[in-house]
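Take a look at the structure set out below.
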Amino acid sequence: MSAHPPVIHLPPAERLGPARYPLTAIFGLTALVGLVLSFVGSAVNPAQFAYSWFLAFYFFFTIALGAFFWVTLHHACNSAWSVIVRRIWENILKLFPVLFLIFIPLLWPGEIRDTLWKWMSPAQAGTHEVAIRSAYLNPTFFYFRVFIYFIYFILAGLYYRRESVRQDDDGNPVRTRQMQDHSYMALVIFGVLETFLGFDWFMGLDWRWSSSLFGVYNFTICAQAGMAAAIVLVALLKAGGHLKMLNAEHYYLMGKLLFGFTIFWAYIAFGQYLLIWYGNIPEETIFYNNHNRGHWYLLTYLIVVGKFMFPAIYLLAQDTKKSLKALTFIAVWILVLHGVELYWFIMPYAHPGHTCPSWQDPVAFVTVGSILGFSYLLVSASASLFPTRDPRLAECLTITN
């Protein structure tokens, strides 16, 4: 007598209910108050506003880039385990237009823009160092690249979420194959764009500095932050009674990937430092010389211990990766250290030689976070919290390690 495969009952669609409305109102009110305070800050101290606003923007932008990477990687690998989690990343992808609006104040010609990217300031316009790089470092080409970055991630992000949501309605498996076919090239384009935008915006804070590993470094912080953010959002949704079909097997896989990218981040960060130290080229060593002056070296040690050693040891245990509570703790920890790392990277340009926290730092972070939190709740409420008719959903529900 032949054995019959077990019957798998697919869960019904889940949507955010009325419980989200108070949180939406809180985010909206906080965003309005924060915008007023940020406007005051930009008038009182535009240079500090530039760095604080950019820090907040880039923190959340890296999470969005990480979400794009995980969605395209999911489709390229025809992955089944992440089907339920994928909608969390897809909803983040729909925030790229909002991120563009948040980025606009930093692009406006004037003191704020010239504070961040000093090569565009009138004081640097006629210098020899800028002149020999003028084929790449010129405002017209800079704005063109910004347009390319955002138009691609906005359109590609909207495409993946739109097709996924449409599949909830018609159940057409062809959509899955089409997204898979597009994802191979999307991963290549992602790698090119995240490298160049990292050069332009992040590394461009000191346009004289060069590093052959910076593109990979920028990728690792995005991928790690994107996975950590997904784990935190899974925990929040589970606490609200959603995604009950997620189990220890799914947590374990997310934990393994978070662990893997923690190790990979450490490998790339140390490799970049080692190559620069060994080469001892002034155009490369300038970065670490500036970021280890005064009290900034304390943050260097904190990042080494807090973002690598502690998470790596913590995530070694199998039970830790299978516990949502334990996994959420380390995901939050990594996101906090991700913010510390960006602060360590950006703020020495604002306060060389000494740490000098400003009230604008938390105001900008809370404001940008509230704007995106408000938008994310609206996006999440517009569709099911997971792809309900993905052809790999049954396999996802029965995944084992």
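Just so you know, all these numbers are worked out from the coordinates, no wet-lab data involved. For clarity, every value in this text was computed on a predicted model and none was experimentally measured. Heads up, the Cβs are rebuilt from the backbone with ideal geometry, glycines too, and the neighbour counts pull from every protein chain shown.
Below are the figures for this structure:
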| quantity | calculated |
| --- | --- |
| Too-long pairs where the Cα-Cα distance tops 20 Å, listed order kept, from LYS94/LYS256; LYS238/LYS325; LYS94/LYS238; LYS256/LYS307; LYS238/LYS321 | LYS94/LYS256; LYS94/LYS238 |
| The stretch 21-119 - charge dipole about Cα centre, Lys and Arg +1 at Cβ, Asp and Glu -1, debye rounded to 20 | 200 |
| log10 of Debye I(q)/I(0), alpha-carbon scatterers only, for the stretch 271-401 at 0.11, 0.17 Å⁻¹ | -0.67, -1.09 |
| Mean projection area, nm², convex hull over Cα of the chain | 21.7 |
| Estimated dipole of the stretch 268-401 in Debye, rounded to 20 [Cβ of Lys and Arg +1, of Asp and Glu -1, Cα centre] | 360 |
| Candidate aspartates and glutamates for bridging to LYS322, where Cα separation is under 13 Å - those fewer than 8 sequence places away on the same chain excluded | GLU249 |
| Selected from ALA186, LEU16, MET203, residue furthest toward positive end of dipole (the chain; charges at beta carbon) | LEU16 |
| Leading residue at positive end of dipole, the stretch 276-360 (Cβ point charges), from LEU337, MET347, ALA326 | ALA326 |
| Neighbour cut-off at most 12 other Cβ (10 Å), DSSP loop, trypsin sites (Lys or Arg not before Pro), the stretch 112-166 | none |
| Projected area averaged over orientations for the stretch 197-345, convex hull of C-alpha atoms, nm² | 9.3 |
| Charge dipole magnitude, Cβ of K and R +1, D and E -1 - the stretch 152-306, Cα centre, debye nearest 20 | 360 |
| Highest-fluctuation residue, ALA135, ALA312, ALA13 considered, GNM on the chain with Cα pairs under 10 Å | ALA135 |
| Kyte-Doolittle mean at least 0.5 and Cα axial length at least 30 Å: DSSP H helices in the chain | 20-44, 46-76, 214-239, 248-279, 324-346, 360-381 |
| Cα gyration tensor shape for the stretch 1-93, rounded if a/c is under 1.5, else prolate or oblate | oblate |
